[in-house]
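Asker: This structure is in structure tokens; I'll ask about it shortly.
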Amino acid sequence: MSAPLVSMRGLGRTFVSRKGLFGAHRSMRAVDDVTLDIPAGKVTGVVGESGCGKSTLARLALRLIEASSGSVTFDGTDIGSLEPAAMRQIRRRMQMVFQDPYSSLDPRYSIADCLLEPFAIQGLMPPARQRAAQVDDLLDMVGLARSVASSFPHQLSGGQKQRVGIARALALKPQLLVLDEPTASLDVSIQAQIIELLERFRDDFGLTYLFISHDLGLVRYFCDQIVVMYLGRIVEVMDRPDARPRHPYSRALLNSTFAPDPAKRRVVTPMAGEIPSPFALPPGCAFAARCPQASALCKAERPTLAESTAGGRIACHHPQD
Amino acid sequence: MALLDLSDVTVSIGALTPLDRIAFSIEAGEIIGVVGESGSGKSLTAMAVMGLLPLIGGRITSGAVRFADVELNRLPERDYRALRGRRIALISQNPMTSLDPIRRVGEQIDQVSMMHLGLGTEQARLRSVDMMRQLRIPEADVVHGNYPHQLSGGMKQRIVIAMALAADPELIVADEPTTALDVTIQAQIIQIMVEMARRKNVALMLITHDMGVVAQACDRVVVLYAGRVAETGSVERIFAAPRHPYTKSLIGCIPVEGLPPGGLKGIDGVVPGVANYPTGCRFHPRCSLAQDRCKIEAPLLRALDEGAAACHLAGDPP
């Protein structure tokens, strides 16, 4: 695979909260010891259920929140130690598209204002007479009518808003786009439109994507490298989208996706138990309580993420073949 | 005779007509999927069946909804109340719209069988715990005394399913019952719902936007588009040989195993709003096969070898 654009090393983030107003402080590791390379020009997908830390990982990758431990290197620069001015410089090259286009666009900004905001923040505002052309270019690029420029977010559909979100992220011609469940709130028909658009930008501009999703089917279609997370840690990395998952949790995720084909009906093996509380993780493998393969070893000792014989990496005492 | 029969049901809200001549039926014990994008009229169809349209200022202006021997659209509200929860139950998308946050979940299930079946407190409790066990709720007798906030989303949805099943209904209307849940939980809930419907011979009207869920769970499918029925048919036929271009496009939006890069195709444009329905076939502005006739003349829902389709071009299989 190509050289990494982003390298995460031992990356972690701990959140502290209190149980009730006067309760004791307790902490959870939302992201724990993540080491991952995001290859340039490729799509890296991160999948997992709610609370697995995938959105926190997305924010750490852009340093939208500070890491508690470990480092993130972007194109050779350790971004964790950058001063605000330098950080702003490098932000031009990395942008984010959020899940909810309803809350990521300012309701009082027209679409044109919204698309020009990144230029204003970066001090790159084009002269007044060129601004309309700049907005038109961005709208053309994401397939929106130019008349949308004078609209406000509430006048657009969810899919249109998400296109505006993507246009705004692309305004400064970044190299890296972090997409946090960009299609989760959209209809499948609109989801497919957005994915088509993202495929085109990847091919035309050589963009690198970090694509966060809970939909393993979508990730297997769209991504070159797949990272499966469970309760803050990477449990498996597949370096080919069609690789057969070997971790029991990845298997369970795959088993939960229904194919649009009545001939492929399947009996879902229900996973025993519930996700453990992130505030009180068990000592061994966090998945052991729900895992059909779990042994005494799994409950006592946490498996480390190691090279898998089938390519990729896996953290499991009993990988499946 | 069908258990539920909608014949040319038209629904108006003020001057708007969001549902236009909806026609399909459900047999006893049948699992039917109602699919379409947001804005296609899925939830309104559910409300029409449940008699809940007055809540949003809507009413059935023509056509009839028949449930077994009852003509629902002429039923006084008092009689409807005796039917809802007893013979027709509803499962909504968000379990918290059905659960009272300050009452124990078990009591809420008990109440259904006490009210509709006249059971005593202890009988109702035993019945609820048994139902919760059948829904694979671990430690059912403990959970019976829990409050909603102590349960996960998947558990809460199981409680709502238990409430729906508590009075032995003949039909359950489930409006996107798993959309708010994680994928692994979604798969389990779908599986449990199908199992229970089969075991108790309850008909299920499963509203969803997920064609994967339809393929997994349903016997027959109703595809809605912009307030009209686009196509109906058995699940095998719908997926193997969709007759309406909209159905075909919807299936094409799902990333399936082995799809080559660039193989995923969205449907251009969006579902038109109820105030802007186009003339002719409402799908024509987004249809790659549209001809002049489609822009002018609305296609009628015509019976086909298996089910029905509303498309001028549906005569010949694609």
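The values are calculated or read from the model by the stated rules, or taken from the named source; none is laboratory data. Predicted model, so just to flag it, every value in this text is computed and none were measured. In this analysis, Cβ positions are derived from the backbone assuming ideal geometry, glycine residues included, and neighbour counts consider all displayed protein chains. Just so you know, the surface numbers come from the protein's heavy atoms only, side chains and all, with ligands and any DNA or RNA stripped out. Shrake-Rupley method; radii C 1.70, N 1.55, O 1.52, S 1.80 Å.
Asker: What FRET efficiency comes out for the pair A:Arg146/A:Asp113, r = Cβ-Cβ distance, R0 = 22 Å, nearest 0.05? Walk me through the numbers before you get to the answer.
Answerer: Details: r = 15 Å, r/R0 = 0.69.
Using R0 = 22 Å, I get an efficiency of 0.90.
Asker: Lys/Arg Cβ at +1, Asp/Glu Cβ at -1, dipole of region B:190-318 taken about the Cα centre: which of B:Gly266, B:Gln216, B:Leu300 is farthest positive-ward?
Answerer: Highest projection toward the positive end goes to B:Leu300.
Asker: Here is a follow-up. Output the peptides A:128-138, A:32-42 sorted from most to least packed, where packing is the average of other Cβ atoms within 10 Å over each peptide's residues.
Answerer: Working: A:128-138: 14.3, A:32-42: 19.3.
The most tightly packed comes first, giving A:32-42, A:128-138.
Asker: Can you give the charge dipole size of chain B about its Cα centre, rounded to the nearest 20 debye, using +1 on the beta carbon of Lys and Arg and -1 on the beta carbon of Asp and Glu? Mind showing how you got there, number by number?
Answerer: Working: 32 positive and 34 negative charges, 78 e Å.
Dipole about the Cα centre, nearest 20: 380 debye.
Asker: Using the scaling law 2.2 N^0.38 Å as the reference, what is the normalised Cα Rg of the protein assembly as shown?
Answerer: Details: Rg = 26.0 Å, N = 639, 2.2 N^0.38 = 25.6 Å.
Rg over 2.2 N^0.38 Å, computed on Cα atoms: 1.01.
Asker: Further question on the same structure: What order do you get for A:254-267, B:22-35 when each peptide is scored by the mean count of other beta carbon atoms within 10 Å, highest first? It would help to have the intermediate numbers written out before the result.
Answerer: Working: A:254-267: 17.4, B:22-35: 21.1.
So the order, starting with the most tightly packed, is B:22-35, A:254-267.
Asker: Hey, another quick one. With a 1.4 Å probe on protein heavy atoms only, tell me which residues of region A:243-263 lose at least 30 Å² of accessible surface in the complex relative to the chain by itself.
Answerer: SASA drop of 30 Å² or more in region A:243-263: A:Ser256, A:Phe258, A:Pro260, A:Pro262.
Asker: Additional query: Please tell me the relative contact order of region B:127-247 in percent, rounded to the nearest whole number, where contacts are Cα pairs under 8 Å and at least six residues apart.
Answerer: Working: 110 pairs, mean separation 21.7, N = 121.
The normalised contact order for region B:127-247 reaches 18 percent.
Asker: Relative contact order for region A:39-190: what percent, with Cα pairs under 8 Å and sequence separation of 6 or more? Display every interim value, and only then the final one.
Answerer: Details: 160 pairs, mean separation 46.1, N = 152.
The value is 30 percent.
Asker: Considering every residue in A:219-226, what mean count of other chain Cβ atoms within 10 Å of its Cβ is obtained?
Answerer: Working: counts 1, 5, 10, 4, 0, 1, 0, 0.
For peptide A:219-226, the averaged partner shielding equals 3.
Asker: I would also like to ask the following. Compute for region B:34-179: radius of gyration divided by Kirkwood radius, i.e. Rg/Rh, restricted to C-alpha atoms, rounded to two decimals. Show your work: numbers first, answer last.
Answerer: On the way: Rg = 16.1 Å, Rh = 16.2 Å.
When Rh is taken as the Kirkwood radius, the ratio is 0.99.
Asker: Okay, next question. Nothing charged except the Cβ atoms of Lys and Arg (+1) and of Asp and Glu (-1): what's the magnitude of the dipole of region B:187-239 about its Cα centre? Round to the nearest 20 debye. Spell out each step's value before the answer.
Answerer: Numbers: 6 positive and 5 negative charges, 37 e Å.
In debye, rounded to 20, region B:187-239 gives about 180.
Asker: Here's another thing I want to ask about it. Normalising by the residue count of chain A, find the relative contact order in percent from Cα pairs under 8 Å and 6+ residues apart.
Answerer: That works out to 20 percent.
Asker: Take the Cα coordinates of chain A, assign each an equal point scatterer, and use the Debye formula without solvent to give log10 I(q)/I(0) at q = 0.11 Å⁻¹.
Answerer: Per q value, in the given order, log10 I(q)/I(0) is -0.75.
Asker: Work out the mean other chain Cβ neighbour count within 10 Å for the residues of B:262-269 and drop it here as an integer. Please report the intermediate quantities before stating the final value.
Answerer: Numbers: counts 5, 1, 9, 5, 13, 6, 4, 5.
Mean partner-chain Cβ count within 10 Å for B:262-269: 6.
Asker: When a/c is below 1.5 the answer is rounded, else prolate if a/b is larger than b/c, else oblate, so apply that to region B:42-118 with a ≥ b ≥ c taken from the square roots of the Cα gyration tensor eigenvalues. Walk me through the numbers on the way to the answer.
Answerer: Details: a/c = 2.60, a/b = 1.55, b/c = 1.68.
It comes out oblate by the Cα gyration axes.
Asker: Sticking with this one: Compute the accessible area per residue over chain B, keeping the other protein chains in place, probe 1.4 Å, unit Å². Don't skip to the answer; put the middle values down first.
Answerer: On the way: 13210 Å² over 318 residues.
Using a 1.4 Å probe on heavy atoms only, each residue of chain B averages 42 Å².
Asker: Amide H neighbours of B:Gly269 under 5 Å, counting only residues 5+ apart in sequence or on other chains, H built in-plane at 1.01 Å?
Answerer: Amide H neighbours of B:Gly269: none.
Asker: Turning to a different aspect of this structure: Taking the 0 to 90 degree range and rounding to the nearest ten, how far is the long axis of helix B:105-117 tilted relative to the main principal axis of chain B, both from C-alpha atoms?
Answerer: 80
Asker: Probe of 1.4 angstrom, ligands and nucleic acids ignored: what's the accessible area per residue over region A:1-114, in square angstrom? Write down the numbers at each step before the final one.
Answerer: Numbers: 5500 Å² over 114 residues.
Spelled out: the 1.4 Å probe surface of region A:1-114, per residue, equals 48 Å².
Asker: How many angstrom lie between the C-alpha centres of region B:149-168 and region B:16-51?
Answerer: The two parts, judged by their Cα centres, are 23 Å apart.
Asker: Follow-up. Return the sequence-ordered ³J(HN,Hα) values of region A:192-203 in whole Hz as given by the Karplus equation 6.51 cos²θ - 1.76 cosθ + 1.60 applied to θ = phi - 60°, using x for Gly and Pro.
Answerer: Whole-Hz 3J(HN,Hα) from phi for region A:192-203: 5, 4, 5, 5, 4, 4, 5, 4, 5, 5, 4, 6.
Asker: Compute the FRET efficiency between B:Ala15 and A:Gln155 as 1/(1 + (r/R0)^6), taking r as their Cβ-Cβ distance and R0 = 30 Å, and round to the nearest 0.05. Don't jump to the answer; show the numbers that get you there.
Answerer: Working: r = 21 Å, r/R0 = 0.71.
About 0.90, to the nearest 0.05.
Asker: If each residue of separation counts as 0.36 nm, what is the full-extension length gain between A:Gln89 and A:Arg26 once their alpha-carbon separation is subtracted?
Answerer: On the way: separation 63, 0.36 × 63 = 22.68 nm, distance 3.62 nm.
Here the answer is 19.1 nm.
Asker: Moving to a separate point now. For region A:193-207, list whatever residues lose no less than 50 Å² of accessible surface once every protein chain is in place, relative to that chain by itself, with the probe at 1.4 Å.
Answerer: A:Gln193, A:Glu196
Asker: Pop out the carbon and sulfur fraction of the accessible area of the protein assembly as shown as a percent, whole number, probe 1.4 Å. Walk me through the numbers before you get to the answer.
Answerer: Numbers: 14200 of 27190 Å².
Heavy-atom surface of the protein assembly as shown belonging to carbon and sulfur, 1.4 Å probe: 52 percent.
Asker: While we're here: Mind listing the long-range amide H neighbours of B:Tyr225? Cut-off is under 5 Å, sequence gap 5 or more, other chains count too, H placed in the peptide plane at 1.01 Å from N.
Answerer: Here B:Ala230 satisfy the definition.
Asker: Hey, another quick one. Have a look at region B:145-192 and report residues whose accessible surface goes down by 40 Å² or more when the remaining protein chains are included, against the chain on its own, probe 1.4 Å, ligands and DNA/RNA excluded.
Answerer: Residues losing area: B:Asp182, B:Val183, B:Thr184, B:Ala187, B:Gln188, B:Gln191.
Asker: Roughly how big is the protein assembly as shown's charge dipole about its Cα centre, with Cβ charges of +1 (Lys, Arg) and -1 (Asp, Glu), in debye to the nearest 20? Intermediate results must be reported in sequence, preceding the final value.
Answerer: Working: 69 positive and 66 negative charges, 182 e Å.
In debye, rounded to 20, the protein assembly as shown gives about 880.
Asker: Also, I was wondering about something else. Spelling out what I want: for every residue of region A:99-104, take phi, set θ = phi - 60°, compute 6.51 cos²θ - 1.76 cosθ + 1.60 (Karplus), and round to whole Hz; glycine and proline get x.
Answerer: Running phi through 6.51 cos²θ - 1.76 cosθ + 1.60 with θ = phi - 60° gives 5, 9, x, 6, 9, 8 Hz.
Asker: Here's another thing I want to ask about it. Total Å² of accessible surface buried at the A-B contact, 1.4 Å probe, nearest 100?
Answerer: Protein heavy atoms only, the A-B interface buries about 3200 Å².
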